[in-house]
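Heads up: the structure comes next, in structure tokens.
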Amino acid sequence: MKYKVPFVGYKLQYQNLKNEIDEAIKRVLSQGDLILREDVENFEKKLADFVGTEYAVALNSGTDALFLSLKATGIGKGDEVITVSHSFIASIAAIVQSGATPILVEVEEDFLMDMDKVEEAITPKTKAIIPVHLNGRACDMEKLMAISERHNLIVIEDAAQALGAKFNEKKVGSFGLTGCFSFYPAKVLGCFGDGGAITTNSLEIAEKIRLLRDHGQKTKTEIICYGWNSRLDNLQAAMLNVKLKYLPEWIKRRREIAKIYNEGLAEIQKIKLSPSPDSNSEHFDVFQNYVLRAEKRDKLFKYLKENGVETLIKDPVPNHWQKGLGLFHFKLPYTEQLAKEVISLPMYPELTEEQVKYTINSIRNFYSN
Ligand SMILES: Cc1ncc(COP(=O)(O)O)c(C=O)c1O
């Protein structure tokens, strides 16, 4: 089906950057620079610079950024790690795959980790907290870092959805021991495939993760430890280097679109909006996603589809209610309620004013009928 307002703008973004991207591909392929070459190193430097950390290590995904962060700190069997259920499953899966036990807590009205609940969930087994900066909005990192210091806990930031987001002027990914980023195509900065990275101020952790991503190989002939293959392709890094230049501009545009959505939808009583982009706020949101809480959510989804607007209901079932994950013992009424109400509208810099207004009008029409 061809939508008037598609949910993602992959093709448009490529068309806009075609010359530069094609040039980068041609250069990398003709040089034969494919694995852990200069483009990866350049990207790591630029990413660390952008986030405001000493180091960045490029990886094959955001999932591995979380998993290898846990592995690098030695977290595993018998340890507890606190995170939220209201996230992409990777935040929880990385904990389980490390051998540790996930402890899931509630979120607040802005869909982010409830810091009071974090403190209540701490036990003698707790080793780390994974706050998730969901939808491009930073968690309250002042509160979280204070909790982690009081209880001597490691903080691994799941910043997969929030490259460029800030809390009190400081970028996500620069608060915790590591920041974990995803470059899945739909992200604010996306690869043409999969990709991820960690950021950190710890040389020890950066070096450990460099080893873990490449089977523990320090040099071609020296293996220090067992690891995994979790490298970012040089080709993807070359394309990310092209795109990273445009990120500030893209974030600005996402915030503009969010403002138009917020203003255009403000009158509708039956929906609850995302927090508005506000320059006085301690949160600087990058609007990875624009999410609503909507009455009659499933009917709204269908109506928008019929009218050419592609939206997404990502988690109609909360993660802790998914069969096969063994998480049914968590009781998280607010998270469970959100699963019935949340819907994501199209959000990417290439959206036209006309498309945003069309989406707003379609939602207005749905609720006025
Ligand atoms: C909050 C969150 N954490 C982790 C991930 C995992 O990233 P990736 O898909 O690159 O493995 C994602 C990706 O969608 C995410 O949204």
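Annotation: Cα Rg of the range 74-117 relative to the compact-globule expectation 2.2 N^0.38 Å equals 1.18. Taking a sphere under 14 Å around the Cβ of G216 and counting the other residues whose Cβ falls inside, with K and R at +1 and D and E at -1, yields a net charge of +4.
Over the residues of the range 1-136, compute the C-alpha Rg and express it relative to 2.2 N^0.38 Å.
Values: Rg = 19.6 Å, N = 136, 2.2 N^0.38 = 14.2 Å.
Taking N as the residue count of the range 1-136, the ratio is 1.37.
Calculated on the alpha-carbon coordinates, the convex hull of the range 131-286 measures out at 148 cubic angstrom per residue.
Using mean Cβ contacts within 10 Å as the protection proxy, how do 210-223, 237-250 order, highest first?
Top of the packing list down: 237-250, 210-223.
Near K26, which aspartates and glutamates are there with a Cα under 20 Å away, not counting those fewer than 8 places off in the same chain? By straight Cα distance, K26 reaches E38, D39, E41, D194, D233. Summarising the strand pairing of the chain, around 60 percent of its internal DSSP beta bridges are antiparallel. Gain on full extension, evaluated as 0.36 nm per residue between N229 and K331 minus their Cα-Cα distance, stands at 33.1 nm. Taking 16 Å as the straight-line reach from the Cα of K331, the lysines in range (excluding those fewer than 8 positions away in the same chain) are K117, K323, K340. Note that the chain presents 46 Å² accessible area per residue, ligands and nucleic acids not counted, probe 1.4 Å. Of all aspartates and glutamates in the structure, those lying under 20 Å Cα to Cα from K77, and not within fewer than 8 positions of it along the same chain, are D64. On a full-extension model of 0.36 nm per residue, what is the gain between K340 and Y14, subtracting their alpha-carbon distance, rounded to one decimal in nm? That pair, K340 and Y14, stretches by 113.9 nm at full extension. Among the listed pairs K11/K259; K187/K314; K270/K302; K143/K171, those whose Cα-Cα separation exceeds 18 Å are K11/K259.
Rounded to 0.05, the FRET efficiency of the K45 and N361 pair, given R0 = 51 Å and the Cβ-Cβ distance, is 0.70.
Of all DSSP beta bridges confined to the range 126-202, the antiparallel ones make up roughly 50%. The GNM of the chain, with springs linking C-alpha atoms under 10 angstrom apart, assigns the highest mean-square fluctuation among I268, I313, I156 to I268.
For the range 46-89, the fraction of alpha-carbon pairs lying more than 17 Å apart is 51 percent, rounded to a whole number. In terms of packing, defined here as the mean over residues of other Cβ atoms within 10 angstrom, the peptides 102-112, 297-307, 60-70 line up highest first as 60-70, 102-112, 297-307. Gain on full extension, evaluated as 0.36 nm per residue between K218 and N369 minus their Cα-Cα distance, stands at 47.9 nm. Modelled label positions at E120 and I35, each set 7 Å beyond Cα in the direction of Cβ, lie 5.0 nm from each other.
Taking the 1.4 Å solvent-accessible surface of the range 224-267 as the whole, the part contributed by carbon and sulfur is 53%. Each of I260 and E204 was given a label point 7 Å from its Cα along the Cα-to-Cβ line. The distance between the two points is 5.0 nm. By a 1.4 Å probe calculation restricted to protein chains, D233 has an accessible surface near 80 Å², given to the nearest 10. Each of V172, A206, A90 was scored by the projection of its Cα onto the charge dipole of the chain, and the greatest displacement toward the positive side belongs to A90; charges sit on the C-beta of Lys, Arg, Asp and Glu. Once divided by 2.2 N^0.38 Å, the Cα radius of gyration of the chain becomes 0.99.
The values are calculated or read from the model by the stated rules, or taken from the named source; none is laboratory data. Values in this document were obtained by computation on a predicted structure and should not be read as measured data. A quick note on method: Cβ atoms are made from the backbone with ideal geometry, for glycine too, and the neighbour counts reach across all protein chains shown. Note: accessible area is taken over every heavy atom of the protein model, side chains too, but ligands, DNA and RNA are not part of it. Shrake-Rupley method; radii C 1.70, N 1.55, O 1.52, S 1.80 Å.
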